[in-house]
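**Student:** If you scroll down you'll find the structure; I have some questions about it.
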Amino acid sequence: ALEHNIPVYERTPNEIKKFITGNGAAGKELVQQFVMKIFRLANEPQYYDTSDALGMAYLARNKVK
């Protein structure tokens with residue numbers, strides 16, 4: 001990204017949780033529930049890391065800096 005002058009933003013887990021759930025101290029289960037609603041998923045992602053990645057993508061898509 002840096003070689004092509006693409007901006008890179010870092011987010012803390014609490015920032016992502018707060019953006020997704022409104023609570024920076026939310027647990028992984030709550031983040032997963034909100035991500036499922038946001039993306040209208042019928043099935044729970046197998047791993048919490050999947051929910052985390054979708055949450056980061058949603059934040060990146062909807063909020064820059």
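The values are calculated or read from the model by the stated rules, or taken from the named source; none is laboratory data. None of these values were measured; they are calculated from a predicted model. When we count neighbours, we look across all protein chains shown, and the Cβ atoms used for this are built from the backbone with ideal geometry, even at glycine. What goes into the accessible areas is simple: the full protein's heavy atoms, side chains included, and nothing from ligands, DNA or RNA. Shrake-Rupley method; radii C 1.70, N 1.55, O 1.52, S 1.80 Å.
**Student:** Could you check how much of the accessible area of the chain is carbon and sulfur, as a whole percent, using a 1.4 Å probe?
**Tutor:** That share works out to 52 percent.
**Student:** Pull up the cross-link candidates among the aspartates and glutamates for Lys17, meaning alpha carbon to alpha carbon under 15 Å and not fewer than 8 places away within one chain.
**Tutor:** Correct list for Lys17: Glu29, Asp49, Asp52.
**Student:** Over the chain, with a Gaussian network built from C-alpha contacts below 10 Å, which listed residue (Asn14, Asn23, Asn43) shows the highest mean-square fluctuation?
**Tutor:** Asn43
**Student:** Let me know the longest stretch in the chain that avoids all chymotrypsin sites (Phe, Trp or Tyr not before Pro) found in a DSSP loop with at most 14 other C-beta atoms within 10 Å.
**Tutor:** 10-38
**Student:** Checking the cross-link filter: which aspartates and glutamates have an alpha carbon closer than 15 Å to that of Lys63, excluding same-chain neighbours under 8 positions apart?
**Tutor:** Cα-Cα hits under 15 Å: Glu10, Glu15.
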